[in-house]
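Engineer: Take a look at the following structure, please.
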Amino acid sequence: MAAFLLSLTSAASVLFMREARFVKALTTHAQAKKVIGIQYQLEYLFVILMAVIFPMMMRLNILTSLIPFVLFISGGILILFTHHKLDQQLSWMDTEQPTRREIQRTRFMW
């Protein structure tokens, strides 16, 4: 089961890197490219948090204690808050660059 989770997260890493490269190609601003890279690294960190660390905490029965649960939830909230702030910063840097949320909305539209 652990090998399956690690293979899925490594596949997600490849997909995030490819999408980040595509989105970085849409802008000419170097600072905006850095922000985009950070966004996709944080998105991969969130996947690791949910796909690897959460099941491991459930398996080891760590979530029954309050402190690890609060740390886990606050880590997830911190990642999502940082995503939101980076989207704002990206829209200030390059007004024509689509935000991560706009890209996710149009990703699966036919």
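The values are calculated or read from the model by the stated rules, or taken from the named source; none is laboratory data. Computed from a prediction, not measured in an experiment: that's the story for all the values here. Cβ placement follows ideal geometry from the backbone for every residue including glycine, while neighbour counts extend to all protein chains displayed.
Engineer: Out of all the residues in the stretch 11-41, which are closer than 13 Å to Ser91 by Cα and of a type in the set (Val, Ile, Thr)?
Structural biologist: Listed by number, the residues that qualify are Thr27, Val35, Ile36.
Engineer: What are the pairs, 6+ residues apart or on separate chains, where a residue within the stretch 40-69 that is under 17 Å from Val14 (Cα atoms) has its Cβ under 6 Å from a residue that is surrounded by 13 or more Cβ atoms within 10 Å (Cβ to Cβ) and of a type in the set (A, V, I, L, M)?
Structural biologist: Here the result reads Tyr40/Ala20; Leu42/Ile79; Phe46/Ile79; Val47/Ala12; Ala51/Leu5; Val52/Leu5, each pair linking the stretch 40-69 to a residue that is surrounded by 13 or more Cβ atoms within 10 Å (Cβ to Cβ) and of a type in the set (A, V, I, L, M).
Engineer: Here is a further query. Note down all Cβ pairs under 7 Å where the first residue falls in the stretch 1-27 and is within 24 Å of Thr99 (Cα to Cα), the second is polar (S, T, N, Q), and they're at least six residues apart or on different chains.
Structural biologist: Leu26/Gln97; Thr27/Gln97
Engineer: Hand me the list of helices (runs of 4 or more DSSP H) wholly inside the stretch 14-99 holding 3 or more residues that are under 27 Å from Met1 (Cβ atoms), aliphatic (A, V, I, L, M) and over 13 Å from the mean Cα position of the chain (by Cα).
Structural biologist: Here the list reads 54-59, 66-93.
Engineer: Same structure again: For Leu8, indicate whether it is exposed (fewer than 14 other Cβ atoms within 10 Å of the Cβ), at pLDDT below 90, part of a helix (DSSP H, G or I) and among the aliphatic types (A, V, I, L, M).
Structural biologist: yes
Engineer: Considering only the stretch 60-110, state which residues are of a type in the set (Gly, Ala, Ser) and surrounded by 13 or more Cβ atoms within 10 Å (Cβ to Cβ).
Structural biologist: Within the stretch 60-110, Gly75, Gly76, Ser91 qualify.
Residue-by-condition table, conditions (1) touching a Ser or Thr at 6+ places or on another chain (Cβ under 9 Å); (2) among the charged types (D, E, K, R); (3) at pLDDT 85 or above; (4) over 24 Å from Pro98 (Cβ atoms):
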residue: Glu43; (1), (2), (3), (4): no, yes, yes, no
residue: Val47; (1), (2), (3), (4): yes, no, yes, no
residue: Leu66; (1), (2), (3), (4): no, no, no, yes
residue: Leu71; (1), (2), (3), (4): no, no, yes, yes
